[in-house]
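K.L.:
Provided herewith is a single structure, encoded as structure tokens, for subsequent inquiry.
What follows is calculated from the coordinates using simple rules that are stated; it is not laboratory data. The structure displayed is predicted, hence computed values, not measured ones. Glycine also receives a Cβ, built like all others from the backbone with ideal geometry; neighbour counts cover every protein chain displayed.
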């Protein structure tokens, strides 16, 4: 069983979201740009004020008409004045819209980018234990998706609420300023709407979460089916797959229908309730006019009607905002969960320096456990002199990979210590350690970049000659030259496909560019055929020249050329020696050797 | 969906002109719900008409009782307003229940069609098409249709009704405004289209720059071990900064497009309102128009002109969704290559005899290149055959043809003496067991994965499967035995453990033909030896094809086929081939050296 499945380190993510705390934390993300944030807020106030003023001016103009209705003559000056002001207000509103849109976009973009940057940097620096616990990639993928949802908080939610609050408050103040009854009417109607939206929105968000799980299951079935197309066909399981997918799809569609039935019932009621503001103002207006009949009072009523309509249009957005906001906060809380992890390497305050040359490697009583009490390595002591080579042989699960992962400090030993040229690894700056220790992984991972960029990954400034020299050493130059664009050919997921052996040779070249004093091959030839393996070994042995080299393998053929070979059994070094010595001293080594030469291959 | 799929989609994200045929096919998914849908749309129209009654009622109130402070009189109109409001809310409930249901059903049908069709497509399609693209079709493209199918008909009805009814009412009621309104509509539409020409590429840039960020982040996270090994964390963050800078510029470009468009449109609308106000004012002064009527006219103008903005958005959505639909239909129109002819029947239990008769085959049917040339051989039931050769010699192609993932271009393949085309492929596949180098497991428990081949497998059978292979020790190492969750695509298991589960799965299928393509590459030597011993004991039950590079796997085979550049160059048993001193002997020497 792999460490990921064995360790209980995967934190449950379904803990209840502390909405207000997370919202506060999201708002504090604006702190570094608070000057600009205040400016944007000011622009919103201007825009809202102009927005509310426009209908009032329109109403004034109409009020003037009301007084002059049927009296003939040219347009009264007062009317012309109000109409012109109205035009100016419209112009201002448009300009402020442009200003607000661009300023708030720049602002929210900066806050969003800063958060994404922090999340990415955190994920990159978090230690291997965390990545192990999240190995399936699900959590990581989710925190990325979460980031995309959380950004809506900065983009739409904050400014949407700002606008609605300003407008509703503005209109309500206007209503109170005209006559308190108008104000009460506005408060009653808007208040009811907000309560309705809060109720419906919360319920919908709950149902939505349930459905999105169903949707995930539909997507997973689809993805697995496409990825496993060959397996599905090999066993002739197409009909069952159709049934399985159909069942999941039906579950999702049924849930979705239930949800839409709910909101088809509730939302029209909530939305239409906002419209009650028109009859309410009209009625209050009748009482207002009846109290002291005057054209001015009719005008004020008409103006309020127009203004209320504006507020109502914005309130319609409230449901959407509420849903988006809840989703953003829930997502943000998971992003913050990652940001709050502190298992990162703390570089030493005063890093020690390595001698100019060397490569003397010493492990002293090193133990390691992924989970407490379950030691994978038990008191391993080894010494490889500078320039020497050590093979590490053992069965699956013996601890070989774990052992070599301690050298670049992917993990730190739970007991014992590791010295490179006499310096404890923990005293070295992480960059210095990375430059000193080159690791070739079992799984050759290349980035979507050119061959040259991939080889020069550890030293981006490396000149082309050095890149080519390393490729030659790793027996990669020949096939690279045959690629359509040579060293400038795009490889990786979005580039040309290379065979496992070819990719592995590139990763060997990549390790060589750093000119590491210690070079580690972690079962680098496990998944290539015998012929490729021979080619690779040519590269490996050439690269090992003059460097301390560690070779991890399950096969004797891969390690027998090393100066010495350590046999690892259940986390303990059971024997060390040369090939010939081990044939005599280690039963396990003998057994492995005999199995592999079953066909009587000449030695 | 991964970032790559997103980018794959982006590359194809083109502005496809609306094609009538595509829309006909989209509408066909709505056709089964014609009745309810039409009822829903009729309700929407009624709703729109009622919306226009509102300003009239307001006008009645303002012109009449309100102006004189007649509370009782106003109350009459207010109650009428409330009544209509309640009525409107009620019919909307019915309408939404209908239309959203129709949308869900239609999308359900599309999703199902796409998935079902994918099951009928041959491996050739999956070879040719990147996974990301297939998923983009089946997932993202369908999603982009979802919104349109759920809301498109309603939105369109709404906007068109408003446009028609409000404009009609203004034109009829206030003919003096007619020329302005009628001139304004096409002008506003032009403004909308003009801005979209700017906006569409701007938003495309936003999506592209965002995809670049997602791709970078996703790739660095998959390769986080490499990043760490080279201590490149800070550098990668710096690269992200550059990408985010481009993204920011694109977003600002998009914001400028929106920030320019909406004010321009509303400026134009407000200008018309002002013109109408001034023109109306003259009439009010002249006594030809009441103030209330002018208020109503201004109110109506807003209602008549504002749908333009929405129509522009809808038009754009139609373009995007139309392009998505076109890609979906392209997928649905891909004809499955491997269709059983009318003569195909269920052969019953096969003995496992396989014969290749002058078979030539290439993966790309449109190219003359062949991966196999004129291959003939005969394998008796129960034999173990090893396929040997360098990478690219044609071993896997033979295995793929035996498993009938593909059809050969020339020659005939026979199972138990029956020509392949007379054997129903589903029946053949049900009797073929296959273990690949890249072991694929589905998310779920070990037992669920075993049941993939036969849903009625009992726990006892599953345990027996591990025991028969000599791998009960591996099972014992799983935290929860058969109930162990293997994780997404088996991520909780090691590569070797995954291969063993796949092995057991293949054997539990009780195959007549077993194909092992580098099936033990990730298993350590001792476990491999155990599996091979077990396989020897079981091998009489089925015909076995083995592709392996380790000679230990090959040595005991009944026949060894040696391939070179797509040709079968040698065959025979190990000792005879070594003695013959030909291609096999050379391979053997190469390995041993």
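K.L.:
What percent do you get for the relative contact order of the range A:268-413 when only Cα pairs under 8 Å and 6+ apart count? Provide the component values of the computation, followed by the final result.
P.N.:
Numbers: 86 pairs, mean separation 19.7, N = 146.
For the range A:268-413, the relative contact order is 14 percent.
K.L.:
Can you sort A:257, A:485, A:151 by how many other beta carbons sit within 10 Å, fewest first?
P.N.:
Working: A:257 19, A:485 12, A:151 22.
Fewest to most other Cβ atoms nearby, the residues stand as A:485, A:257, A:151.
K.L.:
Counting pairwise Cα distances across the range A:361-596, what percent come out greater than 34 angstrom?
P.N.:
Working: 4260 of 27730 pairs.
Result: 15 percent of Cα pairs exceed 34 Å.
K.L.:
Where does chain B land on Rg(C-alpha)/(2.2 N^0.38 Å)? Write out the running numbers ahead of the final one.
P.N.:
Details: Rg = 35.1 Å, N = 593, 2.2 N^0.38 = 24.9 Å.
Computed over Cα atoms of chain B, the ratio equals 1.41.
K.L.:
Which order results if A:20, B:47 are arranged by neighbouring Cβ count within 10 Å, fewest first?
P.N.:
Values: A:20 9, B:47 20.
Ordered by Cβ neighbours within 10 Å, fewest first: A:20, B:47.
K.L.:
To two decimal places, what compactness ratio does the range A:15-339 give when its Cα radius of gyration is scaled by 2.2 N^0.38 Å?
P.N.:
On the way: Rg = 26.4 Å, N = 325, 2.2 N^0.38 = 19.8 Å.
That ratio works out to 1.33.
K.L.:
Round to the nearest 10 and give me the degree value, 0 to 90, for the angle of helix B:178-222's Cα axis relative to the longest principal axis of chain B.
P.N.:
So the helix axis and the longest Cα principal axis differ by about 30 degrees.
K.L.:
Hey, what angle do you get for helix B:34-61 against the long axis of chain B, alpha-carbon based, 0 to 90 degrees rounded to 10?
P.N.:
30 degrees
K.L.:
If all Cα-Cα distances of the protein assembly as shown are sorted into 20 Å bins from 0 onward, what percent lands in each bin, rounded to whole numbers?
P.N.:
Pair shares across the bins are 10, 33, 30, 17, 9, 1, 0.
K.L.:
Using a 10 Å cut-off around each Cβ, can you sort B:129, A:525 from fewest to most neighbouring Cβ atoms?
P.N.:
Numbers: B:129 16, A:525 25.
Ordered by Cβ neighbours within 10 Å, fewest first: B:129, A:525.
K.L.:
Moving on. Grab the DSSP H runs of chain B that are 4 residues or longer, score each as -39,500 (n - 2.57), total them, divide by all residues and round the 222 nm result to the nearest 500 deg cm²/dmol. Can you show the working numbers first?
P.N.:
On the way: 22 runs with 373 residues, N = 593.
So the helix-based figure for chain B works out to -21000 deg cm²/dmol.
K.L.:
Contact order normalised by length for the range A:361-596, with contacts defined as Cα pairs under 8 Å and 6 or more residues apart; what percent is it?
P.N.:
It comes to 28 percent, rounded to a whole number.
K.L.:
Next up: Could you give the angle, 0 to 90 degrees to the nearest 10, between helix A:587-596's Cα long axis and the longest principal axis of the Cα atoms of chain A?
P.N.:
Value to nearest ten degrees: 80.
K.L.:
Taking Cα centroids, how far is the range A:237-263 from the range B:52-70 in Å?
P.N.:
First find each Cα centre; the distance between them is then 52 Å.
K.L.:
7 Å from Cα along Cα→Cβ at both residue A:216 and residue B:343: what's the point-to-point distance in nm?
P.N.:
The two pseudo-label positions are separated by 5.2 nm.
K.L.:
Also, quick follow-up: Alpha carbon centre of the range B:510-583 versus the range B:189-258: separation in Å?
P.N.:
Cα centres, the range B:510-583 to the range B:189-258: 51 Å.
K.L.:
Roughly how far apart, in whole Å, are the Cα centres of the range B:396-422 and the range A:328-356?
P.N.:
56 Å
K.L.:
For chain A, count all C-alpha to C-alpha pairs, find those more than 38 Å apart, and express that count as a whole percent of the total.
P.N.:
Values: 98987 of 181503 pairs.
Tail fraction, whole percent: 55.
K.L.:
Follow-up question, since we're still on this one. Counting alpha carbon pairs within less than 8 Å and at least 6 residues apart, what relative contact order, in whole percent, applies to chain A? The partial results should precede the final answer.
P.N.:
Values: 809 pairs, mean separation 87.8, N = 603.
Worked out over chain A, it gives 15 percent.
K.L.:
Give me the three principal axis extents of the range A:53-207 from the C-alpha atoms, as integers in angstrom, largest value leading.
P.N.:
Taking max minus min along each principal axis of the Cα atoms, the range A:53-207 gives 86, 34, 22 Å.
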